[in-house]
1. Cα-based Rg of the stretch A:355-412 per 2.2 N^0.38 Å, rounded to two decimals?
2. When all alpha-carbon pairs of the stretch A:393-461 are counted, what percent fall beyond 17 Å?
3. Using R₀ = 30 Å, calculate the FRET efficiency as 1/(1 + (r/R₀)^6) where r is the Cβ-Cβ separation of A:His161 and B:Arg321; round to 0.05.
4. Give the nm distances, rounded to one decimal, from A:Leu273 to the matching residue in every other copy, measuring between label points 7 Å along Cα toward the beta carbon; shortest first.
5. Based on alpha-carbon atoms only, what is the radius of gyration of the stretch A:321-536 relative to the globular estimate 2.2 N^0.38 Å?
6. Take every DSSP beta bridge whose two residues both sit in the stretch A:321-536, then give the antiparallel share in percent to the nearest 5.
7. Where the Cα atoms of the stretch B:194-244 are projected onto their three principal axes, how long is each span, largest first, in whole Å?
8. Which length gain, in nm to one decimal place, applies between A:Gln27 and A:Glu367 when the Cα-Cα distance is subtracted from 0.36 nm times their residue separation?
There are 2 protein chains.
Amino acid sequence: MADWQPIGTQKRTDRDSKIPKEWRLPQSTLKQISMHSHLNVLDIPSTCGILTEKEISLTERYDATQLLEMLAKGEVSSYDVTLAFCKRAAIAQQLVNCLTEIFFDQALARAKEVDQYFKQNGKPMGPFHGLPISLKDSFNVKGVQATIGYVSFASREPASHNSALVEILLRHGAVVYVKTNLPQTMMTADSDNNLFGRTLNPVKLSLTAGGSTGGEGALIKLRGSILGVGTDIAGSVRIPALCDGIFGFKPSASRVPFAGKTPPGRLGMCAILPAIGPEGHSVRDMELWMKTVIDSTPWELDMNALDVPWRTVEDYKRPLRLGLITEHPKRPLHPSTLRAIKTAAKLLTDAGHIIIPLDNLIPDLWESAIIAWKYFMLDPKKTPETFIDEAKEPWVPSIATCTFPETANWNPTVDDLFELNMARMKVLHGYHSLVIQNKLDGFIMPTYQATAVPHDTYGVAIYTVLANLLNYPAGHIPFLKANKNLDVDYVRKDVAYEPPYDADAVEGAPTGIQVVGLPLRDEETLKIMQVVSDVLKATT
Amino acid sequence: MADWQPIGTQKRTDRDSKIPKEWRLPQSTLKQISMHSHLNVLDIPSTCGILTEKEISLTERYDATQLLEMLAKGEVSSYDVTLAFCKRAAIAQQLVNCLTEIFFDQALARAKEVDQYFKQNGKPMGPFHGLPISLKDSFNVKGVQATIGYVSFASREPASHNSALVEILLRHGAVVYVKTNLPQTMMTADSDNNLFGRTLNPVKLSLTAGGSTGGEGALIKLRGSILGVGTDIAGSVRIPALCDGIFGFKPSASRVPFAGKTPPGRLGMCAILPAIGPEGHSVRDMELWMKTVIDSTPWELDMNALDVPWRTVEDYKRPLRLGLITEHPKRPLHPSTLRAIKTAAKLLTDAGHIIIPLDNLIPDLWESAIIAWKYFMLDPKKTPETFIDEAKEPWVPSIATCTFPETANWNPTVDDLFELNMARMKVLHGYHSLVIQNKLDGFIMPTYQATAVPHDTYGVAIYTVLANLLNYPAGHIPFLKANKNLDVDYVRKDVAYEPPYDADAVEGAPTGIQVVGLPLRDEETLKIMQVVSDVLKATT
C-alpha cells in the first residue's frame, strides 16, 4: 500500500464517524452502491425509514424561497429544518459519497442560536434566516479543514477563518453544515480524488455526478441540501447542474466575493477569473441568493470583489431575443441533447420569443475553448502538480481526458501572453458584435454535448467554458431526460459522438439547456432564466 | 536636417493654416513666447482684442454646467459659443502650443446643426447640447488624424471612425473642435514630441504644462476649452490639472469606454488599465460629464467597458473620514505643496471632517510605483520604441527622467508576472485594510511633490500612479499657489528635494491636492471632491 493511501482512509473514517449510528443505511442498501451500478437512488432517502414524515416533507416539498418564508414566519424552526437536512445529507453521503466535511454538531448548535435570536427579537436574523446551505470543499469554515481533495493538504490545520462568502451567509442567518466533494485539481468534470474518492450520480450511479462542484450537484439532487454554493471557471457549477438535473448559476466574475477560499493552484494570474455561484432547485432561489450576497457590500470583505450593487429589474413582459448556438462538429450533440435544445427552442418560439440561429456566425467554439485552456495552463511552476507530487498520490483517471492536443507544448512567454489576450479579444468582439447587431438579450445553447456520461469520459467542456472566456453570466436549466424511444429520431449516422453515444447507458439521465446573458447583467440573466424555466416548466 | 524634421514642420504648418488670419496674435506678442520665458499669458486672450466682449464673457464667466443651462434654454446659440471657444483656442495655441488638430470649420457646421435641432424640436439634443468639448490627440474623430506625436504616424490616414467616447459626446449634442498635445509615448509629464513640439504652461511659460494630457491642461486653463477629455494610466489627467491649476478626474478603469482610441504602445496586456477622464473648471462639471457618459450604456459601444450604471448618490451631510498621505522620503514635498496639503487638512478638520494620518501605515509608495512601472514595461517587443525608430526621430528629453533605476533590467518571464501580480495584491491589501479599519471614505494626498516644475524635470509620478495601481478613482483639486514669502516657513534643510526646489522658478505656480476614493465609487468620490472643493473654495 502506497504512503498516501492510509491518509485517505483516515480522512474518510473521520468523516464517516460524524454520521450517527441511527442515520446509517442498512448493509442491504449499501451493498448495492457501486460506480458500476445503474441504480437510481433518488427514492432511498424518503423510503429508508430514517427521516420522519415531517422531515421528508421539509426536505422535499419546497424550494429555498418557500422554506425561508416559513422560517421567517416562525412556522418551522431552524433546528428542525437543519436536523432534517443533516439527516438527509448523511443518507446522501452513504449513497453517492458527496461529502468531504461533516459538522452537524456545530450546525445544530448554530440553528438553536438562530432560533433563539428569532425568539428574542421577534424577527429573522436576515434573508437566509435558519436555512442550511451546503458548500463546496474549497470554501473555508472556521475550525474545518479544506483539503480540496489533495492528499498533501490532509496535514493542514483546520481553517482559522471563514471565507468572505461564508461570513456573508452567516451574517444573514444561514446555517452551514457540510462541505462537498470535488475533483483532484478542480479541473475535471468527475468529482473524484484520492482523499475522499468519487461522487456518484444519484440518478444513475454509473454516471458522473459532474464537477468540479459535483458533490453539491449530487447532494442537492438527493435533497440533502436545499441550496449549495460552488465555483465555476470552466463550467464547474453548470456541469454538475446538468449531470444531476438541478439549476446552477455562474455570475459575472467578482460580483460574489472570492476571498478566503483554498485555491487548487497558484494565485497571481487573473486572466479568466473563477466565479462563485449557487446550485439549487429553482431560478428564484438563485436570484434570492445572488441579491442577498451582493446586497452585503462584498468589497468590504474582499478587495477584489466588484463594488456593484444588485439592481432591481422588472420581469420581462416583452418577447426575448435569444441567440441560439447548437454545436461544434468536433463535439456533436448527442440525441437527447439535440432533442432538448430543439424542443426548448420550439417551445420558446411558440411562446412568442425570438430565437436567432448563430451557429455559422460565432467564433469557432473549439478554438475559443483552447484559448481558455491556455489561460488555465499559464503557471510555469505547475503548482497543482507539486501539490500532487508532495504526497506521491496518483492522478485521478479523468484528468487525462481534460486536455486539448493543441495545448500539449504550451509553455508561454510574456509575448505569447500578449498574443493570447488579443486572441481572446477577437472572440469577445465576435460575440459582442452579434449581440449588438441582433439586439440580443442573451443566448441559449447546450451545457454539454450529452447528458451525464459514464465515469471518466466527460472530456473537455467547450460548451461551458465559453461563458468563462467571455465573462458572461450563464446558468443551467434542467429540462427533459434521455429517453431512447424519443431520442432515436435524433440519432445521426454522419457524426462522430464523443464520448460514444450509448443509449442504454444514459437512459433516464437529465438533460437541459444553458442560458447565457450579457456581462454584468446578472440581474437580467436570472430574469431570462426565469422566463425560460417557466416556458419549459423546468423542475429538479 | 534629419528626415523626420520636415514631417514635423509640415504637420505644424498644416495645423497653423487652420487659424484664420484675423485670429492671429501680433508679432509683438508672439516674440515673447519661449520655453525659457517666465511670462504668465493668462490675460492675453481677453486683452489681445481678438475676442468680442460677449466672447470674453462666454469663455470666462461660466463653468460647463452653467453654459449648458444657457444653451439648453436657448439663451445662447451653440454657434456663438463654439465660435468663441474656437477663437480662444486659436489664441491659446499661439501662446502655449497646446493643439495638434484644428477642425474649426467642421465644428461650426456642427454647431449650426445643433442650433437647427433646437429650433426644430424646441429642446436640446442632449445633456451636452451645443457645448464645445476638446479632446486629447489620442481620441479618434472621423476625418481627423491621430498621430499622437509619433512622426511615423504622420503618414497614417485620417480616422475613418469616431472613438466610442466621441460617439457618446456627439450623441448628446456636443461639438468637437480641437485635439490637444501630448508627450511622445504618452509616458512622460512633459507634453512634448517631434511632430508638434512642446506645450508650455500658461501660468508661466518656463514650466511644464504637465502630461500626458498637457495640451488639455494648458488650453483649459486659458479657457480655450470649457471641458476637455484626457486619459490617465499613471496620472496623465491629474498631473496637468495640477500643473495648470484646473480640476481633473480619473475614474475607475473601464467605466468610461476606451474603445477606438489610437494607442501609443502594444495592446494585449491589461494589468493596469488606462482610464478616460475629464479636465475642467469645477467638480460639478466632472460629475455632469461622468453621469452623461455612463448613462449612455457604454458597453454597447465598447465590449470592454463595464456595464455599471451611474448611481445617484446624495451630497454628504455627515463628516467625511479621509486618510491623509503626505510624502515618501525619496520625493519630499516641496514647500508650497507641503503648505497646501497642511492647509487643506486643517481647513477640512476645522470644517468638521476627520483626517486620519496614514504615512507610517501605508505600503511603501516608492515600491508601489515601481510595481506599476514594471507593468508599463511588460511588452517584450517594446512597441513604442519601434514606432519611434520607424521615423528615426530622437527621444524627447523628458523620457529619460521617467524611469526607475530599479526597473532597468526588467525583462520579465511569465513566472515574474505571477510574482508581480502578487506584489500588487499585497499593496491593494494594505490600502483595503486601512480603509476597512478606519472606515475611510477616501484619502487626501499630494498630486505631486511640487507644483509644475521647469521643463523636463518632472521625473516619476509616484503620487499619482498609486491610484492607477490600486484602480481607485482619484481627482485633482486646484488650491493655493507657490508663494515664496509664505512657503519659506515650509522649507526643510534636512531633505533632498527632487527636482531641486527653486522658489523663484515656481513662484505663482498653482498647487492643489489629490482626492482618492474607493474602487467603483466614482459617484461618491466626486461628492467627496465637491465637499473638499467647497471647503477649500477651489477655483481654476
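1. The stretch A:355-412 yields a ratio of 1.54.
2. Considering the stretch A:393-461, 68 percent of its Cα-Cα pairs are separated by more than 17 Å.
3. 0.70
4. Nearest first, the other copies' label points are 0.9 nm away.
5. 1.09
6. 60
7. Sorted from largest, the Cα extents of the stretch B:194-244 read 26, 25, 20 Å.
8. Result for the pair: 117.5 nm of gain on full extension.
No lab work stands behind these numbers, since they all come straight from the coordinates. Not measured: the values here are computed from a predicted model. FYI the Cβ positions are ideal-geometry reconstructions off the backbone, even for glycines, and counts take in every protein chain you see.
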